[in-house]
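A.B. asks: I'd like to ask some things about the structure below.
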Amino acid sequence: MQRFKIGVDAKNLQVVMNRGSYDMTTNSVTKNLEIEVSSVVLEVSVREQNPSVKEKAKRILEGYVSKMKNALADESIGPKLVPSLKKKIEEAIGHLNGWLKYVQNSQANDNVIEENMKLNKQYYEDVIAKIGQLKHSSSST
């Protein structure tokens, strides 16, 4: 039986291994090999199409951090930030960075991530909305 490193493009793996049910080198039928390769290709394809909870959470958290850091650095928004909101944003960035580290941990629990992402969304969407309002008001002047 041949072993393969998963990590190559799934299409290439399928093309290379789908020679048919008759193997020229051993003059034997190799249906099992075809079935195994197909399941590996299927598993890789499904994994690519359905991002995991961790990947979604990572993208969302990185988006929040990016928007908040950009707001602090933006010359048109930064001066308009009320000190309490500025402090809230700085604390939020620290909190979100902690969550990013947790989400990237291979042993992180998907259920815990989902529950806390709901709470994070409720809390940080409000902050992002305030930043958006400031950005909109600064662009209209």
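A.B. asks: Does the stretch 128-141 hold any residues that are over 22 Å from the mean Cα position of the chain (by Cα) and either of a type in the set (A, V, I, L, M) or over 23 Å from K86 (Cα atoms) (or both), and which are they?
C.D. replies: Correct list: A129, I131, L134.
A.B. asks: From the list S76, S45, exactly one residue is modelled with pLDDT under 55 and either surrounded by 13 or more Cβ atoms within 10 Å (Cβ to Cβ) or charged (D, E, K, R) (or both). Which is it?
C.D. replies: Answer to the check: S45.
A.B. asks: Given the criteria surrounded by 13 or more Cβ atoms within 10 Å (Cβ to Cβ) and farther than 14 Å from V53 by Cβ, does V127 qualify?
C.D. replies: Spelling it out, V127 is indeed surrounded by 13 or more Cβ atoms within 10 Å (Cβ to Cβ) and farther than 14 Å from V53 by Cβ.
A.B. asks: Checking the structure you have, find out if any residue of the stretch 108-127 is within 19 Å of the chain's Cα centre (by Cα) and not in a helix (DSSP H, G or I).
C.D. replies: There is at least one residue in the stretch 108-127 that is within 19 Å of the chain's Cα centre (by Cα) and not in a helix (DSSP H, G or I).
A.B. asks: Among the residues of the stretch 54-71 satisfying the criterion of being out of contact with any helix residue (DSSP H, G or I) (no Cβ under 6 Å at 6 or more places or on another chain) and not polar (S, T, N, Q), which is surrounded by the most Cβ atoms within 10 Å (Cβ to Cβ)?
C.D. replies: Filtering first and then ranking leaves I60.
A.B. asks: While we're looking at this one, here's another question. For K135, are the conditions met, namely being assigned by TED's automatic domain parsing to the domain that holds A57 and crowded, with 17+ Cβ neighbours inside 10 Å?
C.D. replies: yes
A.B. asks: Do you know which residues across the stretch 79-90 are in a helix (DSSP H, G or I) and either touching a residue at least 24 places away in the same chain (Cβ under 8 Å) or surrounded by fewer than 11 Cβ atoms within 10 Å (Cβ to Cβ) (or both)?
C.D. replies: P79, K80, P83, S84, L85, K88, I89
The values are calculated or read from the model by the stated rules, or taken from the named source; none is laboratory data. Model, not experiment: these values are computed from the prediction. Glycine gets a Cβ as well: all are built from the backbone with ideal geometry, and neighbour counts include every protein chain shown.
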